[in-house]
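Some notes on the structure that comes next.
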Amino acid sequence: MLLSKNSALESKDNEIFEVEESIAIQSELIKTMTTMVNSKAYVNERNQMVPEARCRKQANYHVEQNNKIVDEELSDWESKFFEVDMDDLHELFMAANYLEIESLLNGVTKRVGDFIKACKNVEVIRQTFGINNDFAAQQEEEIRKLNSWNHI
Amino acid sequence: MSLKSIMRELKEMKEGIGSISKRGGESKVWRSRTRSHVAPDRAPTESESVEQSPWANLPPELLLDIIQRVEESETAWPARAVVVFCAAVCRSWREITKEIVQTPEQCGRLTFPISLKQPGPHESPIQCYIRRDRATSTYLLFYGLVPSEGESDKLLLAARKVRRATCTDFVISLVADDFSRASYTYVGKLRSNFFGTKFTIHDSQPPCDSIIPSITRSSRRFHSKQVCPKLSSSNYNIGTITYELNVLRTRGPRRMHCVLHSIPISSIQEGGTAPTPLAFRQSFDEQLSPLISSKGKEPMTNPSSPTLPATPLHPLGSGEPLTLKNKAPRWHEQLQCWCLNFKGRVTVASVKNFQLVAAVEPSHNVSPEEQEKVILQFGKIGKDIFTMDYRYPLSAFQAFAICLSSFDTKPACE
């Protein structure tokens, strides 16, 4: 009997999708869970991922990543993959963190870093990430005044 | 862990999802109820903060990873300004950024304004240059080997010479357009006596070893919203520089003697450390990161850890202060001039050029390597352009102040 090399993953919003096992185990979390259940390839094992709604996207990420052999194609594809709005990027980030997918985590971290580096001043960073200024008034004043050193 | 217990756990997780989402719903209700309460005027703590972007509340290890990568990739100015921006975005970002950024002694880079009051690295000096503007009596200290094309160099400090009746002051500021002593950007000053033979360096904030920070420690008990004590405009004498005529050869180089009251001689003994302030003035950062005092063989507390208590402070003056003297040049018979090996960093002969090394006695127990180290080097490379290279245990501010004294000496001692 041929054991299917696919695993079925169910997300929090009850969507089930199949991914190749070799891709599923890119997630350290899934890898750990599955190795504990069965050391061999498993058939349609159902694994719960509690907060996850982006599995399909990540599964796609890996499929494409594995398919792309040429570096240029890969980096082009990667930059398009990460061209999402900040909310989506955040979800991707949390998912990659929870599922412990290192390559995806690196990709998001780099993208966020690039966003930050492109900002010309503090206000632009806040706007980009939708962050509110939560400093106490006096600390804010002092930071602002000291930052005149950077001619902001 | 047995298979059965894993399956049970998975099952519980599945059932737990329902209850978790219920709890999530409840907590949402709780939050909205809190928002409508009339709360006493306090700075918002993290748990009751107003609607905040998820990007401000990232898991600390993720935020650390992001900001660390940014910091590691932007090591040179002006791009490095982005690291300072990160520390000004919001409280969580500030905490993480301050944790990541190392002192100049540790990493050889200048980041925050306070870097200018922290000791330089032990081995390779930090290299800067000074541009003099005679018309405005202003001196500007820039980060970089030499002036670059396009004038995009990072301005570190600015000084303005102010002549008074019986003395001259060089007021030192973080910016070139504000030399007011009451300003946040005021850093300190250099004062010379009437003859231009003796100078005192004044710091706008007390050195780590003074008793005054004990007030800071008690103010830490107050909530961060507490009104900050009025920014003191007093100055603290942290160093004295004297120039003496060289009596042997009237055209010879003068002798410089520099006593640094805030740096103990133990700083250049084995295992010694130099005072490293972590924040400007009585700032709120001091509530997160204690000031560091170091005397000789006391264990050095990690300056980037915000949770350690302040080490015991000693009254100013205990322990012998570090003294610097200028390295004696050699007379070059063929060239018929005094020479010092500036390693290419000084190219124009000038009586102002100097190299400072530690002045030690055998009893001080300072290694020969340390004694040889040029702690501060200053010299001319062009009309109104001078290079300044400094290293541990001096800070950029102290180095700049010492160099400024070289500009003010009167013909009487040249």
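Points worth noting:
- Within region B:115-132, the set of residues being charged (D, E, K, R), surrounded by fewer than 21 Cβ atoms within 10 Å (Cβ to Cβ) and not in a strand (DSSP E or B) comprises just one member, B:Glu123.
- Test for A:Leu89: is it surrounded by fewer than 20 Cβ atoms within 10 Å (Cβ to Cβ) and either modelled with pLDDT of 90 or more or part of a helix (DSSP H, G or I) (or both): yes
- Here B:Ala412 clears all of (1) at pLDDT 85 or above; (2) more than 21 Å from B:His261 (Cα to Cα); (3) exposed (fewer than 13 other Cβ atoms within 10 Å of the Cβ) except the condition numbered (1).
- Look at region B:144-163: where a residue is among the basic types (Lys, Arg) and a partner is assigned to a strand (DSSP E or B), sitting 6+ places away or on another chain with Cβ atoms under 6 Å, you get B:Lys154/B:Tyr143; B:Arg160/B:Thr138; B:Arg160/B:Val171; B:Lys161/B:Phe170.
- Contacts under 8 angstrom Cβ, first residue in region A:129-152 being more than 7 Å from chain B (Cβ to nearest Cβ), partner of a type in the set (Phe, Trp, Tyr), 6 or more apart: A:Ile152/B:Phe85
- Set side by side, the residues A:Lys120, A:Lys80 differ, and just one is surrounded by fewer than 17 Cβ atoms within 10 Å (Cβ to Cβ), more than 8 Å from every other protein chain (Cβ to nearest Cβ) and part of a helix (DSSP H, G or I), which is A:Lys80.
- Exactly one residue out of B:Ile211, B:Ile215, B:Ile201 is within 18 Å of the chain's Cα centre (by Cα) and either outside any loop (DSSP other than H, G, I, E, B) or modelled with pLDDT under 90 (or both): that is B:Ile201.
- Pick from region A:92-107, criterion more than 9 Å from chain B (Cβ to nearest Cβ) and either buried (at least 20 other Cβ atoms within 10 Å of the Cβ) or in contact with a Phe, Trp or Tyr (Cβ under 9 Å, 6 or more places away or on another chain) (or both), ranking: nearest to B:Pro78 (Cα to Cα): A:Gly107
- Failed criterion for B:Phe112 (all others in (1) surrounded by fewer than 22 Cβ atoms within 10 Å (Cβ to Cβ); (2) modelled with pLDDT under 95 hold): (1)
- Selection count, region B:133-159, where residues are part of a strand (DSSP E or B) and within 20 Å of the chain's Cα centre (by Cα): 11
- Residues (under 18 Å from B:Ile263 (Cα atoms) and among the hydrophobic types (A, V, I, L, M, F, W, C)) located in region B:381-397: B:Leu394, B:Ala396, B:Phe397
- Residues (exposed (fewer than 15 other Cβ atoms within 10 Å of the Cβ) and over 33 Å from the mean Cα position of the chain (by Cα)) located in region A:128-143: A:Ala137, A:Glu141
- Tallying residues that are more than 29 Å from B:Ala79 (Cβ to Cβ) and not in a strand (DSSP E or B) within region B:160-198 yields 12.
- Residues of region B:48-83 classified as charged (D, E, K, R), part of a helix (DSSP H, G or I) and more than 9 Å from chain A (Cβ to nearest Cβ), total: 3
- Number of the exception - B:Glu95 against (1) within 14 Å of chain A (Cβ to nearest Cβ); (2) within 17 Å of the chain's Cα centre (by Cα); (3) charged (D, E, K, R): (2)
- Any hit, region A:110-117, residues being without any contact (Cβ under 8 Å) to a residue 12 or more places away in the chain, exposed (fewer than 14 other Cβ atoms within 10 Å of the Cβ) and more than 7 Å from chain B (Cβ to nearest Cβ): no
The values are calculated or read from the model by the stated rules, or taken from the named source; none is laboratory data. What you see is a predicted model, and the numbers here were worked out from it, not measured in a lab. Note that each Cβ is placed from the backbone with ideal geometry, even for glycine, and that neighbours are counted across all protein chains shown.
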